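Take a look at the structure set out below.
Read-outs throughout are calculated quantities, based only on the coordinates presented, and are distinct from any laboratory measurement. Predicted model, so just to flag it, every value in this text is computed and none were measured. So basically every Cβ, Gly included, is an ideal-geometry build from the backbone, and we count neighbours across all protein chains shown.
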Amino acid sequence: MANHLPKVSIITINFNGTAVTSDLLRSLEKITYPSIEVIVVDNSNKELGHQLPVDFPWIKYIETGENLGFAGGNNRGIEAATGEYLFLLNNDTEVDPGFLEPLIARFQTDPKIGVVCPKILYFDEPDTIQFAGFSPINPITGRGFSIGYLEKDKGQHDKAMPTSRAHGAAMLFSRTAFEKVGFMAVLFFLYYEEMDYCERFVRAGYSIWYEPASKIWHKESISTGKGSTLKTYYYSRNRLLYLRRNTFGPQRILMFLYYFLVAVPKNLLGYVTKGDWEHLKAFWKGLIWNFSNTSKDIYDK
């Protein structure tokens, strides 16, 4: 059977979270798809994952020696991958044993499909949906919403469909599409990089699909923590960076007007009202980053 199924390279990043990564690897040991390789890219700077290749000798283990971020770490994994399909999978997830077969089957329905994502549920509330596709991102506001978010899973989102973008926790793409699109943009470092990557797949002529017959469970925000200033900084920095890289023509002018006349004042006022000076500082620092990086800088990386 394995000879008839394309090889899938599953790439995950460990960042000071060996126990969580071990849970994922134990989950992957139970899957039914026979043709895989699993690549663990260790970005850790405190808790190195040297025990991982001892406990799981079947993985490819890459120690980067520094924190390369989400994009840089995944790029290192892609460089080492040998599969016909490449699956970027968060280390804070666990998978259904049969999760890969429906994803690969979806690809085989249309050669123009470039990326496929599973249904994503919350690990702590396994009947609650986190992702069942995304609405289109508004090119002016940069806003979109996750379909099915926080809904109880009663089968209401069990129809496969094209979606505007993939979820960064679990996105599978073909090597054929990757060879046209290239590596992720490392300047994002953390957050919004998968959205930017999806835009590049779409501009290359590929569609992105949500496949509900595949399921995974996500332990949300284990790496950075909910409400962290790190998350505030990168959301502030990369939301505008994403818009600068992916909004064009007259919409670009409207985007800047909305962002600086509505979005920025609203966020600043919110932090001031709460007296949340640490997050205010992080938000402002992320915003200012964009002023010190020119248009040429943001496209070259």
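Run through region 177-239 and list the trypsin sites (Lys or Arg not before Pro) located in a DSSP loop whose Cβ has at most 14 other Cβ atoms within 10 Å. Can you show the working numbers first?
Working: sites: Lys180, Arg200, Arg203, Lys215, Lys219, Lys226, Lys231, Arg237, Arg239; in loops: Lys219, Lys226.
Qualifying residues, ordered by number: Lys226.
Karplus-based coupling profile of region 143-151, in residue order and whole Hz: 9, x, 9, 7, 5, x, 4, 6, 7, with θ = phi - 60° in 6.51 cos²θ - 1.76 cosθ + 1.60 and x standing for Gly or Pro. Annotation: amide H-H contacts under 5 Å for Asn91 (H modelled 1.01 Å from N, sequence separation of 5 or more, or interchain): Ile13.
Cross-link reach is defined here as a Cα-Cα straight distance under 12 Å, omitting same-chain residues fewer than 8 places apart; for Lys7 the aspartates and glutamates meeting it are Glu37, Glu84, Glu101.
Taking the Cα centre of region 229-299 as the origin, how large is its charge dipole in debye, to the nearest 20, when only Lys and Arg (+1) and Asp and Glu (-1) carry charge on their Cβ atoms? Let's see the in-between values first.
Working: 11 positive and 3 negative charges, 29 e Å.
Here region 229-299 has a charge dipole of around 140 debye.
Each of Leu89, Gln51, Ile298 was scored by the projection of its Cα onto the charge dipole of the chain, and the greatest displacement toward the positive side belongs to Ile298; charges sit on the C-beta of Lys, Arg, Asp and Glu.
Among the chymotrypsin sites (Phe, Trp or Tyr not before Pro) in region 124-171, those located in a DSSP loop and surrounded by at most 13 other Cβ atoms within 10 Å of their own Cβ are Phe145, Tyr149.
At a Cα cut-off below 18 Å, give the lysines reachable from Lys215, other chains included and same-chain residues fewer than 8 away excluded. Result set, ordered by chain and number: Lys30, Lys119, Lys152, Lys154, Lys159. For semi-axes √(5λ) of the Cα gyration tensor in Å, the choices are [x] 31, 22, 20; [y] 38, 31, 18; [z] 33, 28, 14; which was calculated from the structure? It is the value labelled [x].
Using +1 at the C-beta of Lys and Arg and -1 at the C-beta of Asp and Glu, which of Gly270, Ser236, Leu280 has the Cα lying farthest in the positive direction of the dipole of region 233-301? Positive-end residue among those listed: Ser236. Between Glu47 and Arg252, the modelled label-to-label distance comes to 4.4 nm, taking each label 7 Å out from Cα in the direction of the beta carbon.
What's the magnitude of the charge dipole for the chain around its Cα centre, counting Lys and Arg as +1 and Asp and Glu as -1 at the beta-carbon? Answer in Debye, nearest 20. Can you show the working numbers first?
Details: 33 positive and 32 negative charges, 252 e Å.
Dipole size: approximately 1200 debye.
Excluding the site residues themselves, the longest part of the chain lacking any GluC sites (Glu not before Pro) in a DSSP loop with at most 16 other Cβ atoms within 10 Å is 221-301. In sequence order, region 114-123 has phi-based couplings of x, 9, 9, 10, x, 5, 10, 10, 7, 5 Hz under the Karplus curve 6.51 cos²θ - 1.76 cosθ + 1.60, θ = phi - 60°, and Gly or Pro positions carry x. Stretching the chain fully between Thr294 and Leu261 yields a gain of 9.8 nm (0.36 nm per residue, less the alpha carbon separation).
Converting phi to 3J(HN,Hα) with the Karplus coefficients 6.51, -1.76 and 1.60 and the offset θ = phi - 60°, region 180-190 yields 8, 8, x, 6, 5, 6, 6, 5, 5, 6, 7 Hz in sequence order, with x at every glycine or proline.
For region 23-129, trypsin sites (Lys or Arg not before Pro) are listed when DSSP marks them as loop and at most 10 other Cβ atoms sit within 10 Å of their Cβ; the list is Lys46, Lys112. Over all other residues within a Cβ to Cβ distance under 15 Å of Gly155, the charged ones net out to 0, with Lys and Arg as +1 and Asp and Glu as -1.
For Lys180 and His4, what does the FRET efficiency come to when R0 = 41 Å and r is the distance between their Cβ atoms, rounded to the nearest 0.05?
Working: r = 26 Å, r/R0 = 0.62.
The pair Lys180/His4 has a calculated efficiency of 0.95.
Ranking of Ser22, Ser135 by neighbouring Cβ atoms within 10 Å, starting from the fewest: Ser135, Ser22.
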